[in-house]
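Read the figures in this text as sums done on the coordinates, not as results from a lab. Remember, predicted model here, so these are calculated numbers, not experimental data. All Cβ positions, even for glycine, are placed from backbone atoms using ideal geometry, and neighbour counts span all protein chains on display.
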Amino acid sequence: MTEHTLAATDTAVARRIAAEAARRRTFAVISHPDAGKSTLTEALALHARVITEAGAVHRKAGRRATVSDWMEMEKARGISITSTALQFPYRDCVINLLDTPGHADFSEDTYRVLTAVDCAVMLVDAAKGLEPQTLKLFQVCRHQGIPIITVINKWDRPGRHALELMDEIQDRIGLRPTPLTWPVGIAGDFKGVLDRRDGHFIRFTRTAGGATAAPEEHIAAVDAHDAAGDDWDTAVEESELLSADGADYDREQFLSGAASPVLFTSAALNFGVNQLLDVLVGLAPAPAGALDVDGVRRSTESAFSAFVFKVQAGMDSAHRDRIAYARVVSGTFERGDVLTHAGTGKPFVTKYAQSVFGQQRSTLDTAWPGDVIGLANAAALRPGDTLYRDVPVAYPPIPSFSPEHFAVARCTDPSKHKQFRRGIEQLEQEGVVQVLRSDRRGEQAPVLAAVGPMQFEVASHRMATELSAPISLESLPYQVARVVEPEDADFMNKQVSAEVLTRTDGIKLVLFSTPWRLEGFQRDNPEIKLGSLVAAGA
Ligand code: G4P
């Protein structure tokens, strides 16, 4: 092949990759438990016609049969601690929906997923407004600069006034709401929405149990009053008020994370879900490459590269299986490709690449920027690792997030100290827990730190079953961690209800029993500078 034809082929390949990247939308839903995330996920997949009847993705105890056998612990508790990467086509696009584990399984993984998305949907219960878990996840999105689409859900039920909810979003988190639709009828007496982009009335039609996609009826503005009565006029007035207040959609502000387009939905009754899909396709950003450790952008058309954002171990006890989830940043991936692990320079064979849909795994053959690859037999991979082909690259490590749960780990079998030390080290490298130490507590009693308590259960389970060193965990009465300068450590250790420990990476953390203790300390000692780790509550 001459140089000329090689270049021509390369250009054709690059064009194909750019086209595939441009039609990817990779996002996650951030919400508090019970806001309707599972219901919305089902509804999205239903609208995209992946599944014929709502229910196939649901994975909660008592819901339509999908009990996972990936981990004994999951079986015992009837919940899933496994993240789902759901991929489906919609119009000309391919949507990748990454699940953010919530409920009892809220963990550092929940945050890590947000490093792998281009956009987040903030799902808010119309009756409850912004809730704690939503706020924490929002802070991570803000830190990552991820654009946010706001969805006010459960509008079919009594709830708060739409304007009040807009004020709450603006005032509490400084995100400017720019509604794309506006409800016609108050929460609980929902007639539909005013589409603020074209002025149409989209009428809400109830279907039995919301089990099938609700038909959407678009009614021209001139006929809307006849269809919805005074509620239409109120909606028009409120929408004009919003415009006068500058609350109209602005692409630049959305992409910079300053403003958020807002939609009103009833996920359970399948209303507004089409609109959300259309917004994802029309407004959400496509993958745009990423900055490497040196701050140089790797474009989507470059040679293949991906970073691992999550490692799930022990899913199959028979095989001690380990899956690493990697988000493709650039290039195209073919199953069987031999990649290079940027950290070690070692080759990584990918014959076990999988896509994960709900609880089912199927073999994945090709992936493009924005897609998620599940790599089995991935003992060598850790969250934050980079994989590449041909042209070397390394992406920055995934930040560690602020832990809120702390427990002292002790080896329960004195003859297993070596395994204990090695096991704890392995769990830390895999990102299952953070490990803190101090001279006072000694090498035999490291403190495990986690974002969610489930991480301790995973650690304990794996230490006993896989790493041959059963442990006991004694929980510590701390809730907040802050970074402290080494020179202030002694002073901090003398405080009531505070303790300084050192993380393996050398960072010193001071733990406080409550956020109020921390606040009180800062008030009394303004000269001591305490740093935050990523995430709210920190
Ligand atoms: P989550 O994943 O965010 O935790 O929430 P999930 O979808 O499980 O929804 C929590 C509850 O809220 C469910 O009720 C669900 O049916 C309900 N829900 C979700 N979206 C809407 C909505 O738009 N309108 C109304 N009225 N309800 C909604 P449940 O009683 O816990 O379960 P189920 O018996 O209804 O399945």
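The table for this structure:
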| quantity | calculated |
| --- | --- |
| Where a label projected 7 Å from the Cα of Arg176 along Cα→Cβ would reach, residues of region 113-155 with amide N under 15 Å | 148 |
| Rounded FRET efficiency, nearest 0.05, which uses the C-beta distance separating Ala380 from Thr465 and R0 of 25 Å | 0.75 |
| Size of electric dipole in region 405-532: Cβ of Lys, Arg +1 and of Asp, Glu -1, about Cα centre, debye, nearest 20 | 240 debye |
| Listed residues Gln429, Thr412, Pro396: farthest to the positive end of the dipole of region 396-458 (Cβ charges) | Thr412 |
| Top positive-direction residue, dipole computed over region 405-532 with Cβ charges, set Ser472, Val510, Ala489 | Ser472 |
| Theoretical gain in end-to-end length, Asp189 to Ala244 [0.36 nm per residue, Cα-Cα removed] | 17.2 nm |
| Protection proxy ranking, peptides 167-176, 406-415, average beta carbon neighbours within 10 Å, highest first | 406-415, 167-176 |
| Ser472-Leu255 pseudo-label distance in nm [points 7 Å out on the Cα-to-Cβ vector] | 5.8 nm |
| Highest to lowest packing among 240-247, 16-23, scored as the average C-beta count within 10 Å | 16-23, 240-247 |
| Approximate spin-label separation Ala14-Ser532, in nm, with each point projected 7 Å along Cα-to-Cβ | 4.1 nm |
| Rough spin-label spacing in nm, given labels placed 7 Å along Cα→Cβ, for Lys418 and Thr205 | 7.2 nm |
| Built amide H within the under 5 Å cut-off of Ala127, gap 5+ | Arg160 |
| Gap separating the Cα centres of region 410-480 and region 129-186, nearest whole Å | 38 Å |
| Those residues of region 390-408 whose amide nitrogen sits under 19 Å from the label point placed on Val338, 7 Å along Cα→Cβ | 390-393 |
| Distant-in-sequence amide H partners of Val121 (H built 1.01 Å from N, under 5 Å) | Ala28, Val29, Ile30, Ile149 |
| Whole-Hz ³J(HN,Hα) from phi, Karplus 6.51 cos²θ - 1.76 cosθ + 1.60, for region 22-27, glycine and proline x | 5, 9, 8, 10, 10, 9 |
| Residues whose placed amide H lies under 5 Å from that of Val94, excluding near-sequence neighbours | Arg24, Arg25 |
| Förster-model FRET efficiency, 56 Å R0, Asp524 and Glu237, C-beta, rounded to 0.05 | 0.65 |
| Neighbourhood charge, 13 Å Cβ-Cβ cut-off, centred on Arg203 and excluding it, Lys, Arg +1 and Asp, Glu -1 | -4 |
